Amino acid sequence: MFVRGRVQGVNFRFASADAARRFGLTGRVRNAEDGAVETVAEGDDDAVERFVEWCRRGPPSARVEDVEVRALGGERRYRDFKVTYESIDER
């Protein structure tokens, strides 16, 4: 998922990681070079959908303008949900 708008410098990554953990998801979140926040989330379909809806709002200081969701195939590969500074491999 790529979240665009005022999403960097407003605690979006850490707040989204907390939300993902509350929903029981695993994955990664990072700032992308183009100003978006990039997230990979794995888990129950309903939990992922609730997380996507949370990302459409974000934390109070964010102003989300667009959320691009891409479904990725393959097996789950994350054990937890972390904020990272490295590129996220899309399989």
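Read the figures in this text as sums done on the coordinates, not as results from a lab. These numbers come from a predicted model, not from an experiment. Heads up, the Cβs are rebuilt from the backbone with ideal geometry, glycines too, and the neighbour counts pull from every protein chain shown.
Structure data summary
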quantity	calculated
q = 0.10, 0.19 Å⁻¹, the chain: log10 I(q)/I(0) [Debye, one scatterer per Cα]	-0.21, -0.79
Additional length obtainable on full extension of the chain from residue 63 to residue 77, 0.36 nm per residue less Cα span	2.0 nm
The chain - mean residue ellipticity at 222 nm from DSSP helices (-39,500 (n - 2.57) per run, n ≥ 4, rounded to 500)	-8000 deg cm²/dmol
Loop sites in the chain: GluC sites (Glu not before Pro), DSSP, at most 12 other Cβ within 10 Å	33, 75, 86, 90
Positive-pole candidate from 69, 17, 1, dipole of the chain, charges at beta carbon	17
